[in-house]
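To start, the structure itself, in structure tokens.
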Amino acid sequence: MSKLGNIGARLYRGEVGYDFIGKRKIWYGISILITITAIVGLAVRGLNMGIEFSGGAVFTTPKTSVSATEAEHKAEAAAEAHQATVQKLGNGGLRIQISELDTQQSVPVQEALAKDLDVPVKDINTQLVGPSWGEEIANKAWLGLGIFMILVVIYLAIAFEWRMALAALIALIHDLTITVGVYALVGFEVTPGTVIGLLTILGYSLYDTVVVFDSLKEASKDIGKQTRFTYSELANRSINSTLVRSINTTVVALLPVAGLLFVGGGVLGAGMLNDISLALFVGLAAGAYSSIFIATPLVADFKERDPAMKALAKRVRAKRAAAAAKADAPEQQETARDAGDEDAPQDAEGDEDAAGSMVGQRNQPASRGRGRGRPSGKRR
């Protein structure tokens, strides 16, 4: 068995473990700090909404020697300071997006781009996108997200309990906030692919959370009939027992997404892959983190407020205190015996001296009596 597999087996059996629940305030603090950073980034920089949401025109050019940066300056100059986004395509061409550009403005911009890039006008493909289409897409995305959240809460409340449903909902909002905040800080464009990526990571994050919840549900069955573990301790054992599985699935899922993001988008220049790959990469990492460090500790916090769990924790502490006192009693007796043995030789020696003096006092009269009454041999 490999070293990682051996560690996983020992974690599953409870032979080793890390106190995730006991250090939950640290994880809460880290999550709050990251969330605040994401919200500040979102408020200060805002989201770079793609042309599908803001409306505008997309110009696709044939192969050209003009760089993406130079083409961006030329496009903004031709569009009279409208914001432009340029991506280098694999065939050497350019994809130029100019936001908030209507039909009448697109024709002179197309002609100016053809002149500046030294390509025929007829070879530049132009597509116009109205803002109403993007608004409709955004509204449908919000509607789908709302329906998804409601169904998730209902399912988890039925399959597990309402505390787990609430914790899972908080973890999902946590993952969404962090992902959107990273988009704002990095400045990547938000497209329909981004929306698809966000919905995808919600399902993955929920999967990881449900795995831990299922282990916790099985471990806490008939929890009130035992006095060995508290609910928080069982929750911690459930996290440790599924820890290696969560790490393995997360790493396996992140590797191809990292390939899309860093190799496809960065090295090969396939910028359109960044839309979905960044959402997937950040969301998968945040989902794995929240299922371990946020969702399950929140369940433990909610559950420990229940009167039955408070009574159980009190019984567990009382039993452990009694066991500790019982274990200390033999040690105290052994210590006392050890102290008594050290004094015993002195006491025994003193007793022997006292006994010897008493015996001597008793024997002296007897010996004198026997000496006076014993007949001598000369007389006989």
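The values are calculated or read from the model by the stated rules, or taken from the named source; none is laboratory data. None of the values given here were measured: they were computed from a predicted structure. Cβ sites come from the backbone with ideal geometry, for glycine too, and all protein chains shown count toward neighbours. Ligands, DNA and RNA are stripped out before the accessible areas are found, and what is left, the full protein with its side chains, is counted by its heavy atoms. Shrake-Rupley method; radii C 1.70, N 1.55, O 1.52, S 1.80 Å.
Descriptive notes on the structure:
- Normalised per residue, the accessible area of region 85-239 is 49 Å², obtained with a 1.4 Å probe and no contribution from ligands, DNA or RNA.
- Prolate/oblate/rounded label for region 162-206 (Cα gyration tensor, a/c 1.5): oblate
- With the largest listed first and rounded to whole Å, the semi-axes of the equivalent ellipsoid of region 18-120 from the Cα gyration tensor are 43, 16, 10.
- Using C-alpha pairs below 8 Å separated by at least 6 residues, the relative contact order for region 207-323 is 40 percent.
- Apportionment of accessible area to carbon and sulfur, region 39-192, percent (1.4 Å): 61 percent
- Protection-proxy order for peptides 116-129, 292-305, each taking the mean of Cβ atoms within 10 Å per residue, highest first: 292-305, 116-129
- Filter on 217/314; 23/314; 140/303; 225/326; 217/319 - keep pairs with C-alpha separation over 32 Å: 140/303
- Legend: calculated FRET efficiency, residue 162 to residue 310, from the Cβ-Cβ distance at R0 = 25 Å, rounded to 0.05, equals 0.85.
- Candidate lysines - alpha carbon under 24 Å from residue 63, same-chain residues fewer than 8 apart omitted: 74, 88, 115, 122
- The smallest convex shape that holds all Cα atoms of region 81-192, its convex hull, gives 143 Å³ per residue.
- Accessible surface, 1.4 Å probe, highest first, among residues 174, 73: 73, 174
- Region 110-266, Rg to Rh (Cα coordinates; Rh as Kirkwood inverse mean 1/r): 1.17
- Centre separation in Å (Cα based) which lies between region 183-203 and region 280-307: 22 Å
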